[in-house]
Each structure stands twice: as C-alpha cells, then as structure tokens.
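As structure tokens, the structure follows; a few thoughts come after it.
Read the figures in this text as sums done on the coordinates, not as results from a lab. Remember, it's a predicted structure, so these values are computed and weren't measured experimentally. Here the Cβ is made from the backbone with ideal geometry for all residues, glycine too, and neighbour counts use every protein chain on show.
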Ligand code: GLN
C-alpha cells in the first residue's frame with residue numbers, strides 16, 4: 001500500500017510516528033517489517049549487529065499484528081513495531097548464545113518476561129543481537145562471533161556490551177532494541193552510537209530470562225532514537241513479576257504522559273567528580289553545551305559532590321566478577337550448552353576441558369578474579385570491603401538527591417575508539433565505564449541521550465535519576481530533543497550498503 005506520505009525508507013521513522021501511521025493504514029506491519037529486513041540485508045554485512053535474523057518468525061508476527069490492527073482492538077503503541085533483542089535474553093525455540101561459544105547451540109525452552117511482554121503488546125522481533133560474551137566488555141569485541149562495527153565509523157567500536165543493540169538502532173535496522181546494563185552496557189554504547197539508552201532502576205524490570213552476569217547489578221532496558229520512543233518501550237517492559245524475586249512491586253506510571261516538555265525549575269546537580277582529567281575535551285564541551293541548553297529551558301543547576309566516585313570502579317571489579325564466578329558455575333558441561341564430557345578422563349577433567357573450550361579470555365579473567373575475591377581468607381579483604389564501599393556510594397546519591405532532582409555528566413569519557421585499540425589493555429577498557437558504574441552499584445536509573453558530536457563522532461550525555469524516577473530523566477531528555485536535532489542525524493552507510501539484489505556483503509571498513 002503506497003500513499004504520498006510514505007517514504008521508501010520507513011526505517012527512519014520513530015516508533016511514536018510509526019504507531020500512528022500503522023493505525024492510519026499508511027503502511028502495514030508486514031511492509032514495515034519487510035523494510036527492516038531489507039535494511040538489515042543491506043547494511044548488516046558491514047555493521048554486524050545481528051547474530052541471528054528471524055525473518056520468518058518476524059513476518060508471521062507482523063501478519064498477526066496487521067490482523068490486530070485491522071480489528072482495531074487491543075492496540076498498543078508497539079503493535080506492529082519491529083524490534084530486536086540482545087542475545088542475553090532467552091527466547092523460546094530461538095538459539096540464545098549470550099555471545100558465547102558455550103551456548104552456541106542452546107535453544108531455550110522459555111522466553112524472558114520482557115520478551116513475553118513485548119510480544120503481548122504486539123511488537124515484532126527481528127532477531128538476536130551481538131554482545132560481549134556474557135555481557136562482559138565495553139566494545140562488543142569479546143563476542144565469540146566477531147565484533148560489531150560502529151555505524152558512524154566502521155573502524156570503531158559501538159561500545160558494549162550491548163553493542164549490537166545500539167548499532168542496530170543507529171543503523172536503522174530496528175526501531176528499538178533491548179539491552180542489559182550491569183556497569184554501563186546500555187548507556188555507554190548508546191553514547192557511542194547516537195542513540196538513547198536507558199538503564200532502569202534495579203527492580204523496575206523483570207530479570208527473569210536474562211542470562212545472569214552479576215545479579216545484584218544487571219538490569220534490562222531499551223535503546224531507541226528518541227526519549228519518547230524509550231518511554232513507550234519502558235511502559236511495556238516495566239512492572240512487577242512474581243518470577244523475579246528482586247522485581248519491585250512498585251506501580252508503573254504513564255511514562256509518555258510525563259513527557260510534557262516542561263523542565264522549568266528542575267534541579268540538576270553537576271557532580272565535580274564526574275568532570276575530571278582524562279575526559280576528552282570534545283566530550284566535556286558537548287556536556288557543557290547541553291547544560292547551557294537545559295538552562296535556557298528553565299532547568300536550575302547546582303554543584304554537588306559524590307565523594308566516593310573514585311572507588312566505584314575498583315568496587316565494581318570485585319563485586320561483578322565475584323557474582324559472575326558464581327553465576328557461571330552452572331556452565332559445567334553437564335547442565336547447559338557445550339559439553340566435552342565424552343573426551344574427559346574424569347569429572348574434574350570434564351569441567352576443565354569444557355570451560356576452557358567454552359569461555360573466552362575475558363570471561364576466564366573474570367572467573368579467576370571473582371573466585372579469588374570470594375576465597376576464604378580474602379573474602380573480608382575484598383568482597384566485604386567492596387560491599388561496604390557500595391553502601392558509601394549509595395549514600396552519596398541519597399545525599400545528592402536530597403539537593404537535586406537529577407544529576408548530569410558525560411556518559412563515557414571518550415568517543416568511540418578504534419577496534420582493537422583497547423583489547424590488550426583490560427584496564428583501559430574498564431575505564432570506559434567510569435561514569436556509568438556508580439549508578440549500578442547504587443541501583444538508581446540513568447539515561448544516555450544524544451548531546452552532540454566531537455570530531456564527527458557522537459557524544460552522549462548522561463542523566464541519573466532517583467530510584468523509580470525514570471519519568472523525570474526521560475522528561476529532561478525529551479525536552480532537550482525538542483530543541484535540538486542531534487537525535488535526528490544518521491550515519492552515512494551508503495558506501496557500506498549492499499546494493500539491492502547483491503549476493504555478497506561488501507567488506508566492512510567503508511568510511512562515511
Ligand atoms: N563494561 C562493564 C564490564 O565489562 C559493564 C558491562 C555491562 O554493563 N554488562 O563489566
């Protein structure tokens with residue numbers, strides 16, 4: 001169905017405007033889904049955001065969505081919208097790898113709660129997205145299936161660990177995606193790819209069916225191109241789930257209704273510890289300009305201090321690996337995925353062979369770190385101390401939020417770095433999450449949105465919010481987007497795109 005208002009590139013539309021076009025029958029869900037499958041075919045050879053494209057299932061879901069739209073009943077803003085999922089979310093009957101060789105052939109018998117909720121809303125899943133193995137990393141280079149490339153510069157990383165989720169939205173391969181954030185894995189890749197990424201409050205979104213990395217830190221959240229779209233996705237994944245004992249029984253507000261465009265009198269804290277040496281001047285400049293813009297909209301700024309910030313990274317790299325070492329103990333060659341039992345001499349040999357063959361180097365490093373930190377004799381010195389530091393960081397935020405409504409900072413100290421630049425230097429890689437980790441330790445929410453560009457590469461601005469106050473940080477990001485156009489800019493993938501009907505993918509590495 002073609003109307004004069006329909007462009008041939010519906011993948012450029014926002015979810016909010018597409019929902020209206022679907023209702024007005026300007027486009028069908030099948031056409032919309034096909035347009036995204038075509039876009040994936042054209043650019044994903046160069047971007048490699050997807051590990052698996054489930055075209056048949058997507059088109060079947062689109063057909064069902066069209067029937068629902070035709071009936072005009074039970075519609076949500078997500079009915080007929082093509083989305084995609086980080087491969088850390090289990091999907092019934094569809095291989096789910098968490099970016100690991102270990103789970104190369106793992107077909108889950110059930111779907112994550114968030115997957116079920118999106119399906120119930122009528123959303124369509126285009127497939128599963130690339131990620132650092134078990135969500136450990138900041139560049140997606142730790143994926144066992146090869147890295148994802150940043151659509152803004154194919155020689156650079158998209159961030160991580162949800163690099164596939166970020167790149168897919170940035171490249172127009174999906175209208176929105178889900179990722180997970182344990183120490184920054186939604187916000188940092190959002191910043192590096194010019195997308196919006198929301199880390200939800202701990203307990204806001206069910207983790208049932210999220211393959212665990214560090215259970216006290218992991219949260220699921222959306223990637224989109226606008227704050228409004230982010231609110232629409234959040235609306236459908238948020239809320240209590242009896243299957244997740246850490247899910248919070250806190251009512252879910254109408255997020256879209258909170259996007260009033262009005263931030264007059266909103267008190268925004270500027271933490272001096274987040275404006276430190278080492279952050280690229282181009283990044284600082286963008287954040288300062290964003291502050292100026294928010295000021296013109298009536299926001300009020302105050303200087304605040306989060307004195308324990310510098311202990312966030314070290315505490316995280318005790319707590320996260322400790323929890324990971326426990327969570328990953330289940331991958332023993334008996335219960336899940338890969339098994340080299342048949343070749344082993346005895347049980348211990350079976351564990352050793354399977355885990356050595358199944359896990360990549362970063363995952364092994366974390367298991368070693370975590371097991372060491374939890375071992376008797378060291379437990380008090382490392383794990384217990386890190387948990388005490390965590391409490392201090394939480395109190396920093398409590399004190400700050402007594403003075404202000406939200407906190408502003410850069411999301412990442414740098415723009416997207418070159419592929420390979422940090423793979424041999426884990427510490428440099430870990431520093432990517434300096435500004436994102438404290439929010440996970442404290443359990444609060446945070447969003448990264450498009451603040452501008454530095455040397456042609458996207459810069460993200462982070463807003464941290466009080467627990468369960470996603471509405472306020474989204475309201476501020478939305479107000480910013482109403483007066484700026486950074487979020488409407490697209491990477492130029494024309495050189496990398498495969499011409500229609502071509503059989504071979506062009507080599508990645510094409511420049512803008
Ligand atoms: N980059 C951090 C890490 O490697 C955070 C990862 C995440 O949030 N999943 O642990």
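If a residue must be under 23 Å from residue 231 (Cα atoms), in a loop (DSSP other than H, G, I, E, B) and over 24 Å from the mean Cα position of the chain (by Cα), how many such residues does segment 248-297 contain? Total meeting the criteria: 8. Can you name the condition, by its number, that residue 418 falls short on among (1) in contact (Cβ under 8 Å) with a residue 12 or more places away in the chain; (2) within 15 Å of the ligand (Cβ to nearest atom)? Residue 418 satisfies all of (1) in contact (Cβ under 8 Å) with a residue 12 or more places away in the chain; (2) within 15 Å of the ligand (Cβ to nearest atom) except (2).
In this entry, residue 237 passes the filter for residues that are more than 12 Å from the ligand (Cβ to nearest atom) and either in contact with a strand residue (DSSP E or B) (Cβ under 7 Å, 6 or more places away or on another chain) or over 22 Å from residue 319 (Cα atoms) (or both).
Does at least one position in segment 87-109 carry a residue that is more than 30 Å from residue 424 (Cβ to Cβ) and within 14 Å of the chain's Cα centre (by Cα)? Checked against the condition, which is being more than 30 Å from residue 424 (Cβ to Cβ) and within 14 Å of the chain's Cα centre (by Cα), segment 87-109 yields at least one hit. Of all residues in segment 290-311, those that are under 30 Å from residue 382 (Cα atoms) have Cβ atoms under 7 Å from Cβ atoms of residues that are assigned to a loop (DSSP other than H, G, I, E, B), 6 or more apart or on another chain, in 304/403; 304/404. A single member of 253, 271 is surrounded by 18 or more Cβ atoms within 10 Å (Cβ to Cβ), in contact (Cβ under 8 Å) with a residue 60 or more places away in the chain, closer than 26 Å to residue 203 by Cα and in contact with a helix residue (DSSP H, G or I) (Cβ under 9 Å, 6 or more places away or on another chain), and it is 271.
When 226, 201 are checked against the criterion of being within 30 Å of residue 374 (Cα to Cα), away from the ligand (no atom under 13 Å from the Cβ) and under 16 Å from the mean Cα position of the chain (by Cα), a single residue qualifies: 201. Going through segment 167-182 one residue at a time, which ones are within 21 Å of residue 477 (Cα to Cα) and within 12 Å of the ligand (Cβ to nearest atom)? Within segment 167-182, 179, 180, 181 qualify.
The condition (being surrounded by 19 or more Cβ atoms within 10 Å (Cβ to Cβ), in contact with a helix residue (DSSP H, G or I) (Cβ under 7 Å, 6 or more places away or on another chain) and within 30 Å of residue 157 (Cα to Cα)) is satisfied by just one residue among 15, 40: 15. Residues in segment 139-160 that are in a loop (DSSP other than H, G, I, E, B), more than 16 Å from the ligand (Cβ to nearest atom), touching a strand residue (DSSP E or B) at 6+ places or on another chain (Cβ under 8 Å) and more than 16 Å from residue 98 (Cβ to Cβ): 149, 152, 155.
Residues in segment 421-434 that are part of a loop (DSSP other than H, G, I, E, B) and within 12 Å of the ligand (Cβ to nearest atom): 422, 434. Only one residue in 84, 42, 98, 62 is out of contact with any strand residue (DSSP E or B) (no Cβ under 8 Å at 6 or more places or on another chain) and outside any loop (DSSP other than H, G, I, E, B), so which one is that? Result of the check over 84, 42, 98, 62: 42.
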